[in-house]
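See structure below.
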Amino acid sequence: MITIRTMGTKNNKTKREYMTRELRASEDADSRRIEGYAIVFDTPSASMGVECLKPVYEEIAPEAVTKEMLDGCDIRMNLYHDRHRLLARSKKGVGTLEYSVDEKGVHFAFEAPHTPDGDTALELVRSGALDGCSFAFYMDYSDDTAVSREDAGDRVIYTIRKIQDIDDFTLTDRPAYPDTECAAREAAESAASQASAECVARLRERAGRTY
């Protein structure tokens, strides 16, 4: 389940954040590797509101994120979405932040740096105090192909089909995307706020419906 919040706009793009759950650390004291899934596909969000007396949910389709798109982004791995607490970075596919796209979602990995923030992140993940991760992205609501709407009987589902830009991945203590996870260990097994009323309205608009 996913929880989403709208963070702002830039160049006709709306910045959104999905927050994810479950961080684990390696029992190997020599390992500083943190890895997991920052994005999982086809996973329903937490309720974004109500539409026609039905709860509204959102999912990210596999076609929304490609390796080619990620290779064109400047993606920072931060601590608590604080750009001053940088842990790793991939600038147009080059850097200390690794990622790949598979049928499950977007997997990431990096070596925690030997810095105060790197040490803090690793220790908090290992202790379980830091148990979430998230990613922030921009999508263009002027693009009619960016989102689709489905009336699924007891719920309404909006599917994000095109993401314009990934802003960052982050480690956080306020997880809200429990179907993804991030682990600090030598080999990860698998990793995996309510959106504003304005966000829901824009999803409806782009899906070609007015309510």
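The values are calculated or read from the model by the stated rules, or taken from the named source; none is laboratory data. Computed from a predicted structure; not experimentally measured. So basically every Cβ, Gly included, is an ideal-geometry build from the backbone, and we count neighbours across all protein chains shown.
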Working only within the stretch 106-158, note down all residues that are over 27 Å from Ala88 (Cα atoms) and not in a strand (DSSP E or B). Tyr141, Ser142, Asp143, Asp144, Thr145, Ala146, Ala152, Gly153, Asp154, Arg155
The lone condition Glu103 fails out of (1) part of a loop (DSSP other than H, G, I, E, B); (2) within 16 Å of Ile160 (Cβ to Cβ) is (2)
Check Val156 against each of (1) surrounded by fewer than 20 Cβ atoms within 10 Å (Cβ to Cβ); (2) modelled with pLDDT of 85 or more and name the one condition it does not meet. (1)
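Looking only at the stretch 148-161, which residues are under 17 Å from the mean Cα position of the chain (by Cα) and farther than 15 Å from Val106 by Cβ?
Filtering the stretch 148-161 for residues under 17 Å from the mean Cα position of the chain (by Cα) gives 158-161.
Residues satisfying the conditions are Tyr158, Thr159, Arg161.
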Reported set for the stretch 38-51 where residues are part of a strand (DSSP E or B), among the hydrophobic types (A, V, I, L, M, F, W, C) and buried (at least 18 other Cβ atoms within 10 Å of the Cβ) is Ala38, Ile39, Val40
Of the candidates Arg83, Arg76, the one satisfying the condition of being surrounded by 13 or more Cβ atoms within 10 Å (Cβ to Cβ) and either among the charged types (D, E, K, R) or not in a loop (DSSP other than H, G, I, E, B) (or both) is Arg76
Whether any residue in the stretch 52-68 is at pLDDT 60 or above, surrounded by fewer than 15 Cβ atoms within 10 Å (Cβ to Cβ), of a type in the set (Val, Ile, Thr) and assigned to a loop (DSSP other than H, G, I, E, B) is what I want to check. yes
